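A short reminder: the numbers here are calculations on the coordinates, not readings from a lab. Keep in mind that what you see is a predicted model, and the values were worked out from it rather than measured. Note that each Cβ is placed from the backbone with ideal geometry, even for glycine, and that neighbours are counted across all protein chains shown.
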Amino acid sequence: MSVTYADILAARERIKGQVDHTPTRHSRRLSELTGAEVWVKFDNLHYTGSFKERGALNRLMLLTPEERTRGVVAASAGNHAQALAYHGGRLGVPVTIVMPEGTPFVKIDGTRRHGAEVVIHGADFTGATEEAKRQQAEHGYIFVSAFDDEGIVAGQGVCAVEFLEDAPEIDTLIVPIGGGGLMAGCALAARAIKPDIEIIGVEVAMYPSFTAKRKGEEPRCGGQTIAEGIAVKAVGDIPFAIADPLVDDIIVCEEADFEKAVAFYATLEKTVAEGAGAGGLAALLAHPERFKGRKVGLVLCGGNIDARMLAVVLNRELVREKRLVVYRILGDDRPGMLSKMSAVIGGLGGNIIDVVHNRLALDVPAKGAEFDIMVETRDAHHAEEIREAMKEAGYDMRMA
């Protein structure tokens, strides 16, 4: 292989004391929820908020003095960018980052704050990479891939070394896959330390590039995903060559799975995960029967989610759980109508959050109005109890 376990151990010594050894915790809540014994490695607690620091620092420390002077350029949706910018600044290496349009503001601001020059270019990671290569040719920079680089892969493998030192009992390791750098490094290290461990990858349904390459198919990728950190159209050649023979299975998850995982990390583990970072939990929640009774390790690989998006995800989860419900009601447009409906809802313990009147819908009588009443409830059973009470009170309920 182009990268060996010895390279990972060398990377660990090289970056020692400069990158946090992130904590690993057994999660009683997630274990009770899924039926597996679950351990979480909190790589969202790195200074720059993701696992990328190990690979970025290792690659920078492998530069020659002349290459450090020339500086580096990279394409990144955010986490590789921040890690490279932060450690480049520490080491005195000039860093230029090309980020695709639509990159979360929190990642753009974080990268600039660490002193890197940021260029926004390209509709996706592929377009950003093309611009980074152009800048490399024009300015003589050293191109540092976010994943398709031996030094990057070796550094990322340190994650699994730490994980299995802190939780040697795990028999299943679940790792998100974008370009494949984290998976390649972790799979190589985990298999060297514990040959019988099961290694599972997670991809987002909009960007199943590793799965497609395994099947010898052209990947069909595209669209806006909450898991933008793994929204990569083509897995790297180096990480794929390493990971393909070592990975036992790939689980492709839908957007709702990632959203639920982000929400559960916030509500159950009291920690912030970005979409890609929550990939392992997304797979576990989507297929609990697949992992029942197993000792599962989840790499929570990043927490750089935009605050607005986190709020959206948490509210959407309330809607899925029927703890936030919109009742659409057809009624007369006359004084006291709303107060009567509110009395029914409030009498059953529902908390009205918002009310919208629609008097212009053509399927509503001219003397009537359509009311969209958003209500906070305890759970799905409580929501249905309120719905039935409104029907019994004579209100015409519609689908919202």
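Descriptive notes on the structure:
- Ratio of the Cα radius of gyration of the stretch 248-328 to 2.2 N^0.38 Å, where N counts its residues: 1.14
- Burial order of peptide ranges 373-384, 161-172 (average beta-carbon count within 10 Å, highest first): 161-172, 373-384
- For the stretch 250-319, trypsin sites (Lys or Arg not before Pro) are listed when DSSP marks them as loop and at most 13 other Cβ atoms sit within 10 Å of their Cβ; the list is 270, 292.
- One decimal place: the segment residue 69-residue 32 gains 8.1 nm when fully extended, by the rule 0.36 nm per residue minus the C-alpha distance.
- Values of log10 I(q)/I(0), in the order q = 0.26 Å⁻¹, for the stretch 1-72 under a Debye, Cα-only, solvent-free model: -1.13
- If you take the Cα centroid of the stretch 85-118 and the Cα centroid of the stretch 352-373, the two points sit 48 Å apart.
- Convex hull of Cα atoms in the stretch 272-400, direction-averaged projection (nm²): 10.9
- Peptide ranges 116-127, 37-48, 71-82 listed from the most packed, as the mean C-beta count within 10 angstrom indicates: 71-82, 37-48, 116-127
- In degrees, nearest ten, helix 5-15 long axis to first principal axis of the chain (Cα): 80
- Reachable lysines, given that their alpha-carbon falls under 20 Å from the alpha-carbon of residue 295 and they are not under 8 places away in the same chain: 41, 194
- Remark on the stretch 322-398: ratio of C-alpha radius of gyration to 2.2 N^0.38 Å is 1.04.
- Charge-dipole axis of the chain as Lys and Arg at +1 and Asp and Glu at -1 on Cβ define it, positive-most pick from 164, 100, 42: 42
- Those lysines that a straight Cα-Cα span of less than 29 Å connects to residue 391, excepting residues fewer than 8 apart in one chain: 322, 340, 367
- Convex hull volume per residue in cubic angstrom - Cα atoms of the chain: 160
- For the stretch 58-113, GluC sites (Glu not before Pro) meeting the loop criterion (DSSP other than H, G, I, E, B) and having at most 14 other Cβ atoms within 10 Å: 101.
- Beta bridge orientation in the chain: antiparallel %, DSSP, nearest 5: 45
- 19 Å Cα-Cα reach of residue 133 towards lysines, excluding residues that sit fewer than 8 places from it in its own chain: 233
- Qualifying chymotrypsin sites (Phe, Trp or Tyr not before Pro) in the stretch 306-400, where qualification requires a DSSP coil assignment and no more than 16 other C-beta atoms within 10 Å, are lacking entirely.
- Residue with peak Gaussian network fluctuation, the chain [Cα springs, cutoff 10 Å], from 97, 197, 345: 345
- Per-residue [θ]222 nm for the chain (sum of -39500 (n - 2.57) over DSSP H runs n ≥ 4, rounded to 500): -13000 deg cm²/dmol
- Here the simple spin-label model places points 7 Å from the Cα toward Cβ, and for residue 392 and residue 354 these points are separated by 3.0 nm.
- Binning the C-alpha pair distances of the stretch 53-145 at 10 Å intervals from 0 yields a P(r) profile of 20, 55, 25, 1 %, listed from the shortest bin outward.
- Computed E for residue 321/residue 117 - FRET, C-beta separation, R0 51 angstrom, nearest 0.05: 0.70
- Put a dot 7 Å past the Cα of residue 139, heading toward its Cβ, do the same for residue 367, and the two dots end up 7.2 nm apart.
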